[in-house]
1. Of the residues 35, 49, only one is at pLDDT below 95 and part of a loop (DSSP other than H, G, I, E, B); which?
2. Which one of the conditions (1) modelled with pLDDT under 95; (2) touching a helix residue (DSSP H, G or I) at 6+ places or on another chain (Cβ under 7 Å) does residue 27 fail to meet, given that it meets all the rest?
3. Quick check: anything in region 59-67 at positive phi and touching a residue at least 60 places away in the same chain (Cβ under 8 Å)?
4. Consider residue 93 against the criteria (1) over 21 Å from residue 9 (Cβ atoms); (2) β-branched (Val, Ile, Thr); (3) within 12 Å of the chain's Cα centre (by Cα): it satisfies all of them except one. Which criterion is unmet?
5. Need the failing condition index for residue 63 against (1) part of a strand (DSSP E or B); (2) touching a helix residue (DSSP H, G or I) at 6+ places or on another chain (Cβ under 6 Å), just the number.
6. Exactly one condition in (1) more than 25 Å from residue 19 (Cβ to Cβ); (2) touching an Asp or Glu at 6+ places or on another chain (Cβ under 8 Å); (3) of a type outside the set (Asp, Glu) is not met by residue 74; state its number.
7. For residue 131, are the conditions met, namely being of a type in the set (Lys, Arg) and more than 20 Å from residue 23 (Cα to Cα)?
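The values are calculated or read from the model by the stated rules, or taken from the named source; none is laboratory data. The shown structure was predicted, so the numbers you read here are calculated from the model rather than taken from an experiment. When we count neighbours, we look across all protein chains shown, and the Cβ atoms used for this are built from the backbone with ideal geometry, even at glycine.
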Amino acid sequence: MIKFQYDLEKIKKELETLPDYNKQLYLQGYSKDMNPEEGTDKGYDIDSNEHTYTVPLFDIPYINSIMEEHKLTRTRLMRMKPKSCYLWHNDLTQRLHIPIVTNEHCFLLLDSDRIHIPATGEAYVMNTTKKHTALNCSKENRIHIVGGLPY
């Protein structure tokens, strides 16, 4: 697993400036005028054209610089409610994950590996082209920034 180190407090400070959201908030879109909550429940319908989601939607210079550094697409702020999981699926590209709020009861199942990634400011490249899901087996929200890496 490839890791990069970032300033988690700086990221959190920028995230405080964003509007409230339910499950996901797009940080990049297909145009500056895009509603940042548009299509958040469609997910897999967007995967095939996620490469068009490259326009930063908010004035968050530090986070925008991370998205630019890694040439991320369709980057989202994702909130996973307690006692929940995602569908078993695979993505078209690998993902960069930056955990913001998590605990040891939140983890990814990637193929048959159980992986907990702590909120320490590290960003993790995850090979989500393999079958995977995320689980929040705790009583707290799990919050990650997730962006698609280039093909």
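1. Numbers: 49 fails: part of a loop (DSSP other than H, G, I, E, B).
Unique residue meeting the criteria: 35.
2. Unmet condition: (1).
3. Residues of region 59-67 that are at positive phi, as a first pass: none.
Checked against the condition, which is being at positive phi and touching a residue at least 60 places away in the same chain (Cβ under 8 Å), region 59-67 yields no hits at all.
4. The failed condition is (3).
5. Every condition holds for residue 63 apart from (1).
6. Residue 74 satisfies all of (1) more than 25 Å from residue 19 (Cβ to Cβ); (2) touching an Asp or Glu at 6+ places or on another chain (Cβ under 8 Å); (3) of a type outside the set (Asp, Glu) except (1).
7. Working: of a type in the set (Lys, Arg): yes; more than 20 Å from residue 23 (Cα to Cα): yes.
Here the answer is yes, as residue 131 does meet what is asked.
Yes/no matrix, rows are residues, columns are (1) aliphatic (A, V, I, L, M); (2) crowded, with 19+ Cβ neighbours inside 10 Å:
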| position | (1), (2) |
| --- | --- |
| 7 | no, no |
| 20 | no, no |
| 25 | yes, yes |
| 28 | no, yes |
| 34 | yes, no |
| 68 | no, no |
| 102 | no, yes |
| 109 | yes, no |
